[in-house]
Amino acid sequence: MKTKLLIVAALTLASSCAFASQYTCTVHCVSPSGTTTTTVKAGSASEAAKIVDGQSDQICRAAGHGKSTSSTMSASQCK
């Protein structure tokens, strides 16, 4: 039973990773204003945007900006 459960878990993980692509997303920042890009692995551009949206303030600070804009990331910002 344990072996079957491990196989199912491994197949589930492998199938979710098999469909992930790399997306480069543009993040809009303020203080000072500008843009920066970051790369994430996700199943779609909209999923990538959601991932980056949750980390956008940290991404902007790491690029030398104060924080991200208050706008929510959209899928069009990830290619």
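Could you go through segment 16-30 and let me know if any residue there is at pLDDT 95 or above, open to solvent by 50 Å² or more (accessible area, probe 1.4 Å) and assigned to a loop (DSSP other than H, G, I, E, B).
no
Considering each residue of segment 42-70, count those that are more than 22 Å from Phe19 (Cβ to Cβ) and part of a loop (DSSP other than H, G, I, E, B), and give that number.
The qualifying residues number 6.
Looking at the structure I just gave you, is Thr39 free of Cβ contacts under 8 Å to residues at least 24 places away in the same chain, more than 11 Å from the chain's Cα centre (by Cα) and within 14 Å of Gln77 (Cα to Cα)?
For Thr39, the condition - free of Cβ contacts under 8 Å to residues at least 24 places away in the same chain, more than 11 Å from the chain's Cα centre (by Cα) and within 14 Å of Gln77 (Cα to Cα) - is not met.
Working carefully through the options Lys79, Lys4, find the one that is at pLDDT below 95 and exposed (fewer than 15 other Cβ atoms within 10 Å of the Cβ).
Going through Lys79, Lys4 in turn, the sole match is Lys4.
The values are calculated or read from the model by the stated rules, or taken from the named source; none is laboratory data. Here the structure is a predicted model, which means the values were calculated and not measured. Cβ: placed from backbone, ideal geometry, glycine included. Neighbour counts: every protein chain shown. With ligands, DNA and RNA removed, areas are computed over all heavy atoms of the protein, side chains included. Shrake-Rupley method; radii C 1.70, N 1.55, O 1.52, S 1.80 Å.
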